[in-house]
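Data block below; observations after.
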Amino acid sequence: MGMDSDAIIMIDYLKLTKEETFDIVDKVNDHYSTFNDIETYYRYKKKKRLENLPSSLSLFGVGPENDLFNFPELAPEDMEFELVATSDKAEEGKILGRDYTNLLEITASFNVDANVGRSIRFCVREKTTGKYVGFLKLGSPVINIRPRNDYFGVKKTPLDLANKHFVNGFNIVPAQPFGFNCLGGKLIALICVCHEVREFVNNKYDDMEALFFETTSLYGSIKNISQYDGLKPFMRHKGDTISKLLLNLPDELYKDTRNFLVEKNGGPLYKTDKKLPTSVKMRTQDKIYSILKNNLKEYDSTKHAEFSELLKEKMAITTQKRYYISDYGFANTKDYIFGKTDKLIKKPNYDSYSFDNLISWWKKKAQKRWEKLRAEGRIRKDLEYWNSSNIETLDIIR
């Protein structure tokens with residue numbers, strides 16, 4: 001995702017010395033030269049994140065197995081669920097935000113980054129065992145997605161409408177092996193579009209009227225199926241993204257380079273509208289590359305061409321992502337969002353989007369899945385979570 005030129009005021013050309021330019025470029029080259037595929041990159045990022053996590057993550061015991069659900073013999077039809085919200089301070093019935101983040105980090109293949117704008121975080125807990133079966137994080141929409149524009153028939157979705165009505169699913173992650181044994185990813189996805197979560201979002205933000213949910217699969221072009229498939233009518237596939245993203249720099253290199261350039265510039269590298277739901281790190285990284293390329297043009301045209309080609313090459317290893325949407329059970333969200341009507345119309349199945357009804361819908365599918373695996377002797381029993389001993393072996397696309 002590139003920068004929005006209408007919203008960001010770029011600084012004038014920042015002059016570096018030849019030695020400063022080459023030093024930073026060489027470090028960036030060394031980093032990107034180790035990644036030829038997306039899996040290698042994610043494993044590298046996950047390893048770095050795990051190094052910074054506390055040695056014991058359990059809220060109640062000595063390891064994550066005391067918090068994450070792992071009861072492979074418990075049938076889905078006998079499970080009951082509840083939502084647990086996060087809090088920045090100890091509150092009864094909630095989980096501390098840092099504990100949520102740590103548990104999500106060891107559960108999710110994708111690295112857990114802070115998103116800009118709104119943030120709604122929940123754990124999903126199985127009530128009979130008291131263990132967490134999954135995690136979800138919702139937030140502000142990204143600026144521009146081609147499938148969304150196609151769906152609404154516009155060149156670009158107006159930002160004010162997106163901020164008011166759109167909810168993006170950033171992390172929708174089941175604990176494993178619950179995800180494999182019981183279609184756990186589908187359960188967490190369904191909960192994202194239930195009326196109770198939508199109402200929570202509306203109540204938390206005075207300027208919100210959530211009417212459109214969107215998310216993307218993590219490995220679109222690597223894996224042709226997704227946990228979001230098979231969820232009609234609650235969630236539907238609406239095309240694939242076509243944008244390519246440059247893989248982020250590692251945290252230490254990014255921070256060191258940013259701090260050096262900010263000091264060199266005598267202030268921030270750009271000014272931007274704080275209301276934009278875009279990544280500060282992504283915009284800053286884009287600016288770093290712009291500064292480096294401008295200086296390389298002056299000092300070494302060959303090195304400039306090689307650096308530009310490297311960035312282009314590494315951008316190409318990111319994958320297309322499958323794009324999914326939900327209208328929360330309303331029939332005319334398009335017209336309402338774009339002001340063509342001031343009255344929402346509920347679909348005949350509107351009540352099916354309640355938390356309890358979605359759980360009941362999931363139980364039928366999950367029970368069949370669980371019974372089939374059990375009959376075939378394929379029920380997975382070992383808890384899967386990321387740690388230093390399995391960083392190179394655990395299936396990252398699962």
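Rank these for me by crowding, Trp362, Trp386, going from fewest to most other beta carbons within 10 Å.
Details: Trp362 24, Trp386 21.
Result, fewest neighbours first: Trp386, Trp362.
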Original post:
Under a plain spin-label model, where a point goes 7 Å from the Cα along Cα-to-Cβ, how far apart in nm are Glu196 and Asp335?
Top reply: 3.2
Original post:
Can you give the extra length, in nm with one decimal, that the chain gains between Glu371 and Asp207 once fully stretched, where that is 0.36 nm per residue apart less the Cα-Cα distance?
Top reply: 54.5 nm
Original post:
So for the pair Leu253, Lys18, with labels modelled 7 Å out along Cα→Cβ, what separation do we get in nm?
Top reply: 2.4
Original post:
Contour minus end-to-end for Asn390 and Lys156, with contour as 0.36 nm per residue of separation and end-to-end as the Cα-Cα distance?
Top reply: 80.0 nm
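Return Thr107, Thr129, Thr302, Thr17 ranked ascending by Cβ neighbour count within 10 Å, so the fewest neighbours appear first.
Numbers: Thr107 23, Thr129 14, Thr302 8, Thr17 11.
Ordered by Cβ neighbours within 10 Å, fewest first: Thr302, Thr17, Thr129, Thr107.
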Original post:
How many nm separate the modelled label positions at Arg380 and Lys347, each set 7 Å beyond the Cα in the direction of the Cβ?
Top reply: 3.0
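Provide Val28, Val280, Val201 in ascending order of the number of other Cβ atoms located within 10 Å of each residue's Cβ, fewest first. Don't skip to the end; give the middle numbers.
On the way: Val28 21, Val280 14, Val201 17.
In order of increasing Cβ crowding within 10 Å: Val280, Val201, Val28.
What length, rounded to one decimal in nm, is gained on full extension from Leu50 through to Phe71, with 0.36 nm per residue of separation minus their alpha-carbon distance? Please report the intermediate quantities before stating the final value.
Values: separation 21, 0.36 × 21 = 7.56 nm, distance 2.53 nm.
Here the segment from Leu50 to Phe71 would lengthen by 5.0 nm.
All of the numbers you see were taken from the coordinates with simple rules; none came from a lab. These numbers were taken from a predicted model, which means no experiment stands behind them. A quick note on method: Cβ atoms are made from the backbone with ideal geometry, for glycine too, and the neighbour counts reach across all protein chains shown.
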